[in-house]
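Visitor: Below is a structure I'd like to ask you about.
The values are calculated or read from the model by the stated rules, or taken from the named source; none is laboratory data. It should be emphasised that the depicted structure is a prediction, and the values quoted were computed from it without experimental measurement. Glycine also receives a Cβ, built like all others from the backbone with ideal geometry; neighbour counts cover every protein chain displayed. Keep in mind that these areas ignore ligands, DNA and RNA; they rest on the heavy atoms of the full protein, side chains included. Shrake-Rupley method; radii C 1.70, N 1.55, O 1.52, S 1.80 Å.
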Amino acid sequence: KEKDKLDREKIKAKIEQDRLERLAAKGIKPEEAKAAAQKDKPVDPLKEKKLNLSSKLRDIIGFHRNDPSTPNPATKALETATKYVDNIANNPTEEKFRAINMENAAFQRLVGGKKGGPEMMAAIGFIEEGGKLVMKDIDVEWLKFVSTELQLAAKRGPFY
């Protein structure tokens, strides 16, 4: 393992050296290139949330890929979560859409009882509070992104 680690470090050093040589050939100083790269990168405040959501969507799809109980249990969970998210995004001021009763039979059957379902709901932004999943902070931009990702994941299934 140590030898592999040293080999990787040597390769990384060689790649960095090659990059610096290419910059020098173009007449660009390394400090200027670094400053330009940082300036050009847009900062995405939702990056961590997006990565977490994508991970949880892949998890729920993977957990239920070969589940013979129903044709597409992950797809139904994703479609149901999409409906919850769309209701909140379309009616952000209505309290009734912001809370989901975790004891609800339909929720348990379609999302809550599925392996990875509660984790997916947490990644969306729901917080468990008194037997309910509640979304306290409403960010319509985030919810629209989530809705799009849920629909894409349901459509692509294992290829998401």
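Visitor: Consider K76 carefully, then state whether it is surrounded by fewer than 17 Cβ atoms within 10 Å (Cβ to Cβ) and either modelled with pLDDT of 85 or more or within 20 Å of the chain's Cα centre (by Cα) (or both).
Guide: no
Visitor: Filter the stretch 98-126 for residues that are within 14 Å of the chain's Cα centre (by Cα) and more than 21 Å from I138 (Cα to Cα) and give the result.
Guide: Within the stretch 98-126, G116 is the sole residue that qualifies.
Visitor: Another question, if that's okay. Given the structure, is R156 basic (K, R), open to solvent by 50 Å² or more (accessible area, probe 1.4 Å) and either modelled with pLDDT of 90 or more or out of contact with any Leu (no Cβ under 6 Å at 6 or more places or on another chain) (or both)?
Guide: The answer is yes for R156.
Visitor: Can you pull out the residues in the stretch 70-97 that are in contact with a Ser or Thr (Cβ under 7 Å, 6 or more places away or on another chain), in contact (Cβ under 8 Å) with a residue 60 or more places away in the chain and either β-branched (V, I, T) or closer than 11 Å to I138 by Cβ (or both)?
Guide: T82, V85
Residue-by-condition table, conditions (1) open to solvent by less than 20 Å² (accessible area, probe 1.4 Å); (2) at pLDDT 85 or above; (3) within 19 Å of R156 (Cα to Cα):
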position: P42; (1), (2), (3): no, no, no
position: F63; (1), (2), (3): no, no, yes
position: E94; (1), (2), (3): no, yes, no
position: N104; (1), (2), (3): no, yes, no
position: V111; (1), (2), (3): yes, yes, yes
position: E119; (1), (2), (3): no, yes, no
